[in-house]
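**Student:** Got a structure for you, written out below as structure tokens; questions coming shortly.
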Amino acid sequence: EQKEIVTAGELLRQAAFYGERLQFLPALETYQQAIKLAEKEKDSTVFSLAYLEMGKIYRYQSLKQKALQSEKKALSYIKSPACDSLRLELYREIGDMYTLSGQADSAFHYYEMAGCRIKQAKILQQNGSNKEAETLLKTELEQTIFPKEKAEVCLALADLQITLGKLDEAEKSLSQVPPSHPHLREMMIKKLGRQGIRVTVRSEERRVGK
């Protein structure tokens, strides 16, 4: 009787409880139970969440192929536009798995769908396509994005420009970091300082702060 009143949502919470304590076997078994219950309830969101979390466990265990299969299954069950954030998370997770597996082209494809421009740029940079990486990040800065995302893109762009020896442009990219994220700005100031332009950037920092 008690089993009949257990919901798929409760099973997901119980599985997450096991997972947080690195008790992977009971976690996976409980996610499977949630999936079976979701089949009866025809709840595609539970399917997606269960397979996503199972994929994370497989990744932690370095079972890359199982992780990919699980995450792709999770993606296949997403039907509702209300699950867009979950869909983007899955694109990012799958991109990460392909990166870990050394499949850069597939990773790039999923990062593109997830909107992970910094990760796309890193792949381009690793392939020697520095100009394309720089253009990608500059284009992203022209979009309307949250301050934290803008700060991260600015820093990634400045970091790339430092690598390319474009110190003046790196300084300009740094000056675009939103003032709401001074700790991120300070990190890059130190990095630029190591490149011999500390004084210039610090005076710019004072000017921007006024």
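**Student:** Can you sort ARG92, ARG117 by solvent-accessible area, 1.4 Å probe, largest first?
**Tutor:** Values: ARG92 90, ARG117 60 Å².
I get ARG92, ARG117, largest accessible area first.
**Student:** In the range 19-39, whose amide N lies under 13 Å from the spot 7 Å out along Cα-to-Cβ of VAL6? List them in ranges.
**Tutor:** The answer is 26-38.
**Student:** Can you classify the range 90-160 as rounded, prolate or oblate using the Cα gyration tensor, where a ≥ b ≥ c are the square roots of its eigenvalues, rounded means a/c under 1.5, and otherwise it's prolate if a/b beats b/c and oblate if not? Write down the numbers at each step before the final one.
**Tutor:** Values: a/c = 2.19, a/b = 1.36, b/c = 1.60.
The shape class here is oblate.
**Student:** Charges only on Cβ, +1 for Lys and Arg, -1 for Asp and Glu: so what's the dipole of the range 1-156 about the Cα centre, in debye to the nearest 20?
**Tutor:** Values: 22 positive and 22 negative charges, 53 e Å.
Around 260 debye, computed over the range 1-156.
**Student:** About the Cα centre, and with charges only on the beta carbon of Lys, Arg (+1) and Asp, Glu (-1), how big is the dipole of the range 1-78? Nearest 20 debye, please.
**Tutor:** Values: 12 positive and 10 negative charges, 87 e Å.
That gives the range 1-78 a dipole magnitude of about 420 debye.
**Student:** So, R0 is 30 Å and r is the distance between the beta-carbons of LYS131 and GLN103; what FRET efficiency does that work out to, to 0.05?
**Tutor:** Values: r = 23 Å, r/R0 = 0.78.
Taking R0 as 30 Å, the efficiency between LYS131 and GLN103 is 0.80.
**Student:** Another question about this same structure. With each label point set 7 Å from Cα along the Cα-Cβ vector, what nm distance links LEU25 and HIS183?
**Tutor:** About 4.0 nm separates the two model spin labels.
**Student:** For ALA16 and ASP168, what is the calculated FRET efficiency with R₀ set at 45 Å and r taken between the beta-carbons, to the nearest 0.05? Could you put the intermediate results ahead of the total?
**Tutor:** Details: r = 49 Å, r/R0 = 1.08.
So the FRET efficiency works out to roughly 0.40.
**Student:** I need the shape label for the range 44-156. Rule: rounded when a/c is under 1.5, else prolate if a/b > b/c, else oblate, with a, b, c from the alpha carbon gyration tensor. If you can, show how the numbers build up before the last one.
**Tutor:** On the way: a/c = 2.57, a/b = 1.49, b/c = 1.72.
It is oblate, given that a/c is not under 1.5 and a/b is not larger than b/c.
**Student:** Further question: What accessible area, in Å² to the nearest ten, does a 1.4 Å probe give for LYS172?
**Tutor:** 140 Å²
**Student:** Could you list, in their original order, any pairs among LYS36/LYS56; LYS119/LYS166; LYS66/LYS150 whose Cα atoms are separated by more than 23 Å? Present the calculation step by step, with values, prior to reporting the outcome.
**Tutor:** Numbers: LYS36/LYS56 19 Å; LYS119/LYS166 21 Å; LYS66/LYS150 34 Å.
Beyond 23 Å between Cα atoms: LYS66/LYS150.
**Student:** Quick check: pseudo-label points 7 Å beyond the Cα along Cα→Cβ at ASP84 and GLU142, how many nm apart are they?
**Tutor:** 2.2 nm
**Student:** Pop out the carbon and sulfur fraction of the accessible area of the range 30-178 as a percent, whole number, probe 1.4 Å. Numbers along the way, then the final one.
**Tutor:** Values: 3870 of 7840 Å².
Ligands and nucleic acids excluded, carbon and sulfur give 49 percent.
The values are calculated or read from the model by the stated rules, or taken from the named source; none is laboratory data. The structure displayed is predicted, hence computed values, not measured ones. As a convention, Cβ positions derive from the backbone with ideal geometry for all residues, glycine included, and neighbour counts pool all protein chains shown. Accessible surface areas use protein heavy atoms only, side chains included; no ligands, DNA or RNA. Shrake-Rupley method; radii C 1.70, N 1.55, O 1.52, S 1.80 Å.
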